[in-house]
Amino acid sequence: MAEKALLALGMLVLALVLPPGPGAPLIAVVMAAATLLGARVAPRLWLSCAAAPMGFLAVGVISLVLRVDAQGIGLAPAGFHAAATLAARSIAGVTCLLFLALTTPTTDLISGLRRIGVSAEITEVALLIYRFVFMLADAALAMDVAQAARLGHATARLRLRSLGLLVANLLPRAFDRARRLEIGLAARGWRGDMSVLSDRPAPTAKGLALVVLIECSTALGGMLT
């Protein structure tokens with residue numbers, strides 16, 4: 001856990017302080033290789049998790065490249081340079097966070113946050129939100145399957161109507177599930193401390209030295225312009 005956190009956070013700092021070229025692309029390549037080759041995460045899973053942040057990034061890049069004024073739509077001055085800098089640093093940062101998220105269980109992240117002194121209230125809220133996200137996703141999936149079984153997806157118009165009904169009913173369902181979760185925790189004698197088990201081995205000097213070597217090599221390569 002410590003080695004992965006040191007690698008991900010260290011590379012994230014390098015993505016912010018190093019020049020965007022060639023520092024950011026180098027960091028992105030190193031972290032993608034660490035995730036896909038080192039941790040053997042499935043490429044399809046990695047791409048599916050990267051799709052959402054890359055979509056937001058694409059919108060940001062377009063807003064930097066184009067400008068809208070009284071004369072219409074045109075190219076913004078120095079827009080391509082700003083967009084390239086944003087894209088490079090953002091992609092490098094996303095690869096760092098994906099490495100940590102896809103290779104580290106939530107219980108280990110929560111335990112690590114507690115060990116470095118993060119307050120129990122923050123870690124408990126984070127753990128509950130993590131659990132609630134999956135509960136909400138399960139509810140949305142069940143509602144979507146029920147709509148499809150009732151021919152709610154037969155045409156494009158019906159699909160759009162079904163989507164509106166799903167969104168309208170999902171929030172009340174979410175509040176209901178949250179209330180039942182709260183009642184269940186209270187019935188089990190919850191006192192504000194949700195214990196998690198983590199049997200990860202302690203960090204080793206060899207592992208930490210390897211991480212530092214990778215980061216130093218990346219920093220040296222990123223400063224060579």
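Each reported figure results from applying straightforward, stated rules to the coordinates on display, with no laboratory input. Computed from a predicted model, the values in this text were never measured in an experiment. As a convention, Cβ positions derive from the backbone with ideal geometry for all residues, glycine included, and neighbour counts pool all protein chains shown.
Couple of notes before you dig in:
- Qualifying positions in the stretch 121-133 - free of Cβ contacts under 8 Å to residues at least 60 places away in the same chain and either hydrophobic (A, V, I, L, M, F, W, C) or exposed (fewer than 11 other Cβ atoms within 10 Å of the Cβ) (or both): 122, 125, 126, 129, 132, 133
- Residue identified as among the aliphatic types (A, V, I, L, M), surrounded by fewer than 17 Cβ atoms within 10 Å (Cβ to Cβ) and within 29 Å of residue 116 (Cα to Cα) among 7, 45, 16, 12: 16
- Tally, over the stretch 134-179, of residues that are in a loop (DSSP other than H, G, I, E, B) and surrounded by fewer than 12 Cβ atoms within 10 Å (Cβ to Cβ): 4
- Of all residues in the stretch 13-51, those that are closer than 23 Å to residue 109 by Cβ and in contact with a Gly (Cβ under 6 Å, 6 or more places away or on another chain) total 1.
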